[in-house]
1. Take the alpha carbon atoms of chain A, find their radius of gyration, then divide it by 2.2 N^0.38 Å using N residues; give the quotient.
2. On a straight-distance basis, which lysines could pair with A:Lys8 in a cross-link, Cα separation under 18 angstrom, same-chain partners fewer than 8 positions away excluded?
3. Suppose a student asked you for the relative contact order of chain B, using Cα pairs under 8 Å spaced at least 6 residues apart; what percent would you report?
4. For a quick size check, give me the Cα extents of region B:61-123 along its three principal axes, largest first, whole Å.
5. Two decimals is fine: what's Rg over Rh for the protein assembly as shown, C-alpha atoms, Kirkwood radius as Rh?
6. Once Rh is set to the Kirkwood radius over Cα pairs, what Stokes-Einstein translational diffusion coefficient, in µm²/s, holds for region B:110-159 at a temperature of 20 °C and a viscosity of 1.002 mPa s?
7. Give the carbon-plus-sulfur fraction of the accessible surface of region A:1-44 in %, rounded to a whole number; probe 1.4 Å, heavy atoms of protein chains only.
8. Which of the listed residues, A:Ile156, A:Gly19, A:Tyr38, is farthest toward the dipole's positive end in the protein assembly as shown, when Lys, Arg count +1 and Asp, Glu count -1 at the beta-carbon?
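The values are calculated or read from the model by the stated rules, or taken from the named source; none is laboratory data. Note that this is a predicted model, so its numbers are computed, not measured. Counting neighbours? That spans all protein chains shown, and the Cβs are built from the backbone with ideal geometry, glycine included. Just the protein is used for accessible areas: all its heavy atoms, side chains included, with ligands, DNA and RNA removed. Shrake-Rupley method; radii C 1.70, N 1.55, O 1.52, S 1.80 Å.
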Amino acid sequence: MKQVKKFKFPIIILIIFIGLAIWYPSIAYKSSRVTLDYFKEMAFIMPPVFILMGLMEIWVPKDKIQKWLGNGSGIRGGLISLALGTLPTGPLYVAFPMTATLLRKGASITNMIIFLGSWAALKIPQLMVEIKFLGIPFTGIRFVLTLIALIFIGLIMESLLRRNLGMAWLPPENEEMMKKQMGKTKM
Amino acid sequence: MATIITIYSLLGISLIVSFMKSKDKTLKAFKVAGKALLKSAPSLLTVLGIVGLTLGILTPETISGLVGAEAGFMATILAAVLGAITLIPSLVAFPLAGSLVRSGATVVTISAFVTTLVMVGFVTAPMEIRILGKKFTLLRNGLGFLAALIIALIMGVIL
């Protein structure tokens, strides 16, 4: 039963697909093609990303991340996050596990919002396409305004969330270990 | 393709270094990764399904038809909502935005579409919730949506 509950949403989506296949076969065909394409992409990308995050979890010391990307990292931390985000590195869902790992290792929420936001909205290859179709003024102004907005969103979320994040990336036993460590560093 | 090459070469180098330093720790990293991947599997499948459904139903032609049919404020709100819902690769999205400009959409509407498209991830939300938590996801996307509207309005004034 628990297994079924875990897959509640995939099952609902499967039912929608079956419904579409009966009533709107052309949409169902198009949708399954897209899903299959993205499945191929994810099947190639997700396992290595998770292994890389696992390696980072084990090897990268907490104080380093805290120093580079933590609350005291200031403008330099923000710039590192921006640089990491704008690098041409693939779809946004790759960034979620990375963000979770970095947050656990002591990165500040503001920096992680800048990281995720620039990953999604300010990627260099994407900006090139944008300039081509919408022009330099449009792209430039959107870049600046988006960056300002990200900093604000980060600061707002920082003050609202602090450390009460419900991150589910790691298995529970490690989470408990983390809590113990965090309890120690908080003292 | 470039993404795959980058990630796999990074993984290869990291694994070699890690194995040379400690076999035990490397195996532990694999264990952590495996468990995390299993835990995220249902949300990954959900995201895949939603991506397929939204792209199957909301094709670029449908979007330009919808946005083109409305005018003024409603067009902007519609563009923002469509941008938030869909996950279109930028190689498709920006030509679409360009064609919307040519068919007479305002700067505000285009900015709203482009900004919510990249800032708000409705389809990836199940995965973001699974990995980063509900509060974080709702706040990030909600504030992102508001910011996108404000950005669109400012761009309308400037451009």
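1. Output field value: 1.24.
2. B:Lys39, B:Lys134
3. Relative contact order for chain B comes out at 23 percent.
4. Sorted largest first, the three principal extents are 26, 21, 19 Å.
5. Rounded to two decimals, Rg/Rh equals 0.97.
6. D = 189 µm²/s.
7. For region A:1-44, the apolar C and S fraction of the accessible surface comes to 75 percent.
8. In the protein assembly as shown, that residue is A:Ile156.
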